[in-house]
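**Q** What follows is a single structure, and I will ask about it in a moment.
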Amino acid sequence: MLSQPSQKYKPYTPINLPNRQWPSKTFTKSPIWLSTDLRDGNQALVNPMTIEQKTTFFRELVKCGVKQIEVAYPSASDTDFAFVRGLIEKHEIPDDVWIQVLTPAREDLIRRTIDSVAGSKHAIIHMYNATSPTFRNVVFRNSKEQTLDLAIKHTKIIRELTEECTQKYRTKFIYEYSPETFTQTEPDFAIEVCEAVKKAWGKAGLGDERIIFNLPSTVEIAPPNHYADQIENFCNKISEREKIIVSLHPHNDRGTGIASAELGTLAGGDRIEGCFFGNGERTGNVDLVTLALNLYTQGIPPMLDLSDLQNTIDVVTACNDLPIPARYPYAGELVYTAFSGSHQDAIKKGFEAQRLRHEEGKAKGEPLIWDIPYLPIDPADLGQTYEALIRVNSQSGKGGISYLLKQNLHLDLPRKMQVAFYQVVQEVSDREAREMTVDDITSAFKRTYHFGTGYKGRLSLRNFKISSLDSEKPKPKAESDQESGEEDDTQRRFDGTVSVDGVHRVIRGKGNGPLSALLDALRTHLSLDFAIREYSEHTINDADEGENAQAASYVELISATERKTTSTRQSWWGVGVDADIARSGLRAVLSAVNSAINDGRELPRLKLSVGFHSKSSGQEDVASVIVNQLGLELPRRFQAAFFEVVQRKALEEADEISIDGVTQLFKDTYKYQNDSPSTKVSMESFKLDHLDGSRRSLSGSFTFFGGASRTISGTGNGPLSSLLAALHTQIAGTLSIRDYWEHSIGEGSEVRAASYVDLVYEVTGESTKNLKSSAWGVATDTDITASGVKAVLNAVNDLNVVLKN
């Protein structure tokens, strides 16, 4: 840097305005807002927005209540032209919104620009030409007279062409003219040009017929008070002021764009052109959000709806691909965060005092004024709470990514998970040294959290059942214990089948809820010891407005052995989505576990050593053999029954039985995959008819104990109860179903139904001596009804049924 910068840089020339009025004025209303995000903001982006992104941005601006939107520079590219036509032809523009298009002072480009808005209801044609000495003398080599003639000539062309367009398409026009580089133009010459343009336009009137003179601070070269002086000087000297909208277009080269806009408004500005969150060339345009909320905190309606500011941030950052700094006014992630203990204490006391003050004010019908230390605005007015913002926005750099995930996967990630995934995206982006597309980000998410088809991890859930376990009943309380507050606990049991590295394992655990029960099962059977640190969930609604809504669950796990340590712990996030909330949570747990075991650690393998004296294998391991060998996922009580069979067999063979031996034992015990006709009860065919309501009727040809075929029938609430009713016409006593379970085997055209029935048989009489017995039956079939019927008959054939006389 120079020790004497005056040898290189010239200071600005102040305006002689001895009776300036703006310093004593205050704000009383909102100015007209013009968003130029889609034009001035877009042209400043490294990667300009696509038509889809611009459309999304346009809709957000409309949603926020912006009534004038500069949508494009239509003559600059076919993309911009097509975007404007798309807005019009797809009826995206509300009747109360004016679209604005920019054109230079060239007849061919003006024609193209007006063609782009033909057929719209309201349009503003914005023409500009540079008027400052540097641009006149260096860039365009024009004299003052030539600069003046250029503006006059092309204003007349715009008047002629817009009148033709109005006559043909009924489009209503407003004309806007910008003496570009206004702040570097001689003040009197800028006024002279505008007077000539107004005269050439020839039809400036009142209301919507006013002409707009946009006075840009194209490059901010002086403090904001100088800009205010320039605006007040212009307003004082321009003729027919009531027929003019004075528009401000500040840039932020000196970091005082907000101040320039506010002081310029006090000096007479009616309208402000800017961008949401200050995007634009170099240091950006003035930020309309900050300007609007500055008015809001002074009790003045800003005429913009920013009540869902986080959504607006997400849209803007996703479309612009630019982050918002953590300390940015109103929108930054750390704006409402207090790290200092004294600040936190002051805020806490402020909330307590305000609560009491508001209670008194509400009783008296007085306004409930916001007055909290360090918080000039209530975060709730922007769609957040103070507490949530401390937790949510304590990290940075993930808004755009989380927005894309929400739009494409319908997942509203917890903020801590957003931070975790943002680091994944950054790592991939740094490694590949390129911009990441939406597909890149969603694929990285699915791969990281094993989410969706084709992204399964080492563990995956096949089926499960959650049941309640009543805790032991407490002993009667002594009189002194009546107020102890102790309550009975009801635990949950998880019984399920999990695929482990492609091998199906039956696991079982218990806990205070489904998730803790699953974690207990993983700890018991797979030596995976984790604990939940954070859990959240939300509903994903579809087009059917909730009819087929799904639950999304998010889980953060830590190592259970470290849960009580105070040091920083590694954690793993998981996500699950399902129509069933319990399954959604279980999937989220397994998703997180898959992330944790992605290090390739070896998991305990399925081994068998079964017998009455063996401690290494339980009924879950035996059930795992059956599900792997036969695809049958046995119900828990069936597992217990078959395990006793296996133990007895193993005892006969010195506590040793092979996996193939267990499989064959199951087939032999339950006549599974045995097509030989039964010697007790067999069915040749059956037919199921639907009666009134839920009643069913089953009829078929059966043989009993090798006798002649008989046609029997019965009615019930379903196929199985109808079958039992039919059997009761021939069998003495009572058959009843104690437990029933079903699931599918295979996929696609190979899918089959598997059914399991626990059948109880009771018969009384002199010859039977009060017989009561039970048996399990299992069967598969491509038809689920046939599968259930066969399972019942297999169970019947394992019982000592007695025929009626």
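**Q** Of the conditions (1) surrounded by 13 or more Cβ atoms within 10 Å (Cβ to Cβ); (2) modelled with pLDDT of 85 or more; (3) farther than 27 Å from residue 502 by Cβ, residue 630 satisfies every one except a single condition; which number is it?
**A** Residue 630 satisfies all of (1) surrounded by 13 or more Cβ atoms within 10 Å (Cβ to Cβ); (2) modelled with pLDDT of 85 or more; (3) farther than 27 Å from residue 502 by Cβ except (3).
**Q** Considering each residue of the range 633-663, count those that are touching a Ser or Thr at 6+ places or on another chain (Cβ under 9 Å), β-branched (Val, Ile, Thr) and surrounded by fewer than 22 Cβ atoms within 10 Å (Cβ to Cβ), and give that number.
**A** 1
**Q** Turning to a different aspect of this structure: Going through 143, 120 one at a time, which residue ends up being of a type in the set (Gly, Ala, Ser), free of Cβ contacts under 8 Å to residues at least 12 places away in the same chain and either on the phi < 0 side of the Ramachandran plot or buried (at least 19 other Cβ atoms within 10 Å of the Cβ) (or both)? Steps first, answer last, please.
**A** Numbers: 120 fails: free of Cβ contacts under 8 Å to residues at least 12 places away in the same chain.
After applying the criteria, what remains is 143.
**Q** Restricted to the range 1-37, and to residues that are among the aliphatic types (A, V, I, L, M) and farther than 26 Å from residue 132 by Cα, which residue is surrounded by the most Cβ atoms within 10 Å (Cβ to Cβ)?
**A** Start the filter on the range 1-37 by keeping residues that are among the aliphatic types (A, V, I, L, M), which leaves 1-2, 15, 17, 32, 34.
Going one step further and asking which of them are farther than 26 Å from residue 132 by Cα, we end up with 1-2, 32.
Working: 1: 3, 2: 8, 32: 17.
If we take residues in the range 1-37 being among the aliphatic types (A, V, I, L, M) and farther than 26 Å from residue 132 by Cα, then 32 is surrounded by the most Cβ atoms within 10 Å (Cβ to Cβ).
**Q** Taking residue 461 as the residue in question, decide whether it is assigned to a loop (DSSP other than H, G, I, E, B), at pLDDT 85 or above and of a type in the set (A, V, I, L, M).
**A** Values: assigned to a loop (DSSP other than H, G, I, E, B): no; at pLDDT 85 or above: yes; of a type in the set (A, V, I, L, M): yes.
Spelling it out, it is not the case that residue 461 is assigned to a loop (DSSP other than H, G, I, E, B), at pLDDT 85 or above and of a type in the set (A, V, I, L, M).
**Q** Among the residues in the range 196-213, are any surrounded by 17 or more Cβ atoms within 10 Å (Cβ to Cβ), charged (D, E, K, R) and not in a helix (DSSP H, G or I)?
**A** The answer is yes; a qualifying residue exists.
**Q** I'm trying to understand the selection: among the residues of the range 215-266, which are in contact with a Phe, Trp or Tyr (Cβ under 7 Å, 6 or more places away or on another chain), surrounded by fewer than 22 Cβ atoms within 10 Å (Cβ to Cβ) and not in a strand (DSSP E or B)?
**A** Once the filter is applied, which keeps residues that are in contact with a Phe, Trp or Tyr (Cβ under 7 Å, 6 or more places away or on another chain), surrounded by fewer than 22 Cβ atoms within 10 Å (Cβ to Cβ) and not in a strand (DSSP E or B), the range 215-266 yields 221, 222, 226, 266.
**Q** Tell me which residues, restricted to the range 496-518, are within 18 Å of residue 745 (Cα to Cα) and touching a strand residue (DSSP E or B) at 6+ places or on another chain (Cβ under 8 Å).
**A** 496, 497, 498, 499, 500, 504, 505, 506, listed by residue number.
**Q** Sort out which residues of the range 156-205 are of a type in the set (Val, Ile, Thr), in contact with a strand residue (DSSP E or B) (Cβ under 7 Å, 6 or more places away or on another chain) and touching a residue at least 40 places away in the same chain (Cβ under 8 Å), and write them in order of number.
**A** Of all residues in the range 156-205, those of a type in the set (Val, Ile, Thr) come to 157-158, 162, 166, 171, 174, 181, 183, 185, 191, 193, 197.
Narrowing further to those that are in contact with a strand residue (DSSP E or B) (Cβ under 7 Å, 6 or more places away or on another chain): 158, 162, 166, 171, 174, 181, 183, 185, 193, 197.
Answer for the range 156-205, where residues must be of a type in the set (Val, Ile, Thr), in contact with a strand residue (DSSP E or B) (Cβ under 7 Å, 6 or more places away or on another chain) and touching a residue at least 40 places away in the same chain (Cβ under 8 Å): 158, 162, 171, 174, 181, 183, 185, 193, 197.
**Q** In addition: Could you check the range 164-191 and list, in sequence order, the residues that are surrounded by 17 or more Cβ atoms within 10 Å (Cβ to Cβ) and outside any strand (DSSP E or B)? Spell out the reasoning first.
**A** Going residue by residue through the range 164-191, those that are surrounded by 17 or more Cβ atoms within 10 Å (Cβ to Cβ) are 165, 171, 173-185, 187, 189-191.
Matches in the range 164-191: 165, 171, 181, 182, 183, 184, 185, 187, 189, 190, 191.
**Q** Can you pull out the residues in the range 56-99 that are more than 18 Å from residue 315 (Cβ to Cβ), among the β-branched types (Val, Ile, Thr) and either exposed (fewer than 14 other Cβ atoms within 10 Å of the Cβ) or touching a residue at least 60 places away in the same chain (Cβ under 8 Å) (or both)?
**A** none
**Q** Name the single residue, out of those in the range 412-469 being in contact with a helix residue (DSSP H, G or I) (Cβ under 7 Å, 6 or more places away or on another chain) and β-branched (Val, Ile, Thr), that is nearest to residue 519 (Cα to Cα).
**A** Within the range 412-469, the match that is nearest to residue 519 (Cα to Cα) is 466.
**Q** Could you list, in sequence order, all residues of the range 123-140 that are free of Cβ contacts under 8 Å to residues at least 40 places away in the same chain, touching a helix residue (DSSP H, G or I) at 6+ places or on another chain (Cβ under 8 Å) and in a helix (DSSP H, G or I)? Full working, then the answer.
**A** Taking the range 123-140 first, the residues free of Cβ contacts under 8 Å to residues at least 40 places away in the same chain are 136-140.
Next cut, touching a helix residue (DSSP H, G or I) at 6+ places or on another chain (Cβ under 8 Å) only: 136, 140.
The answer is 136, and nothing else.
**Q** If we scan the range 785-799, do we find a residue that is within 47 Å of the chain's Cα centre (by Cα), at positive phi and either in a strand (DSSP E or B) or surrounded by fewer than 19 Cβ atoms within 10 Å (Cβ to Cβ) (or both)?
**A** no
**Q** Hey, another quick one. Could you please give the count of residues in the range 390-430 that are surrounded by fewer than 20 Cβ atoms within 10 Å (Cβ to Cβ), outside any helix (DSSP H, G or I) and modelled with pLDDT of 80 or more?
**A** So the count comes out to 2.
**Q** Would you confirm, using the coordinates I've provided, whether residue 293 is assigned by TED's automatic domain parsing to the domain that holds residue 191 and buried (at least 24 other Cβ atoms within 10 Å of the Cβ)?
**A** Working: assigned by TED's automatic domain parsing to the domain that holds residue 191: yes; buried (at least 24 other Cβ atoms within 10 Å of the Cβ): no.
When the stated conditions are applied, residue 293 does not pass them.
**Q** If you don't mind, another one. Collect the residues in the range 267-281 that are surrounded by fewer than 18 Cβ atoms within 10 Å (Cβ to Cβ) and either free of Cβ contacts under 8 Å to residues at least 40 places away in the same chain or closer than 20 Å to residue 213 by Cβ (or both), keeping them in residue-number order.
**A** Taking the range 267-281 first, the residues surrounded by fewer than 18 Cβ atoms within 10 Å (Cβ to Cβ) are 270, 281.
Within the range 267-281, 270 is the sole residue that qualifies.
**Q** Another one. Give the residues of the range 76-126 that are modelled with pLDDT of 95 or more and among the small types (Gly, Ala, Ser), sorted by residue number.
**A** Of everything in the range 76-126, those that are modelled with pLDDT of 95 or more and among the small types (Gly, Ala, Ser) turn out to be 82, 86, 105, 116, 118, 119, 120, 123.
The values are calculated or read from the model by the stated rules, or taken from the named source; none is laboratory data. Keep in mind it's a predicted model, so treat the numbers as computed, not measured. So basically every Cβ, Gly included, is an ideal-geometry build from the backbone, and we count neighbours across all protein chains shown.
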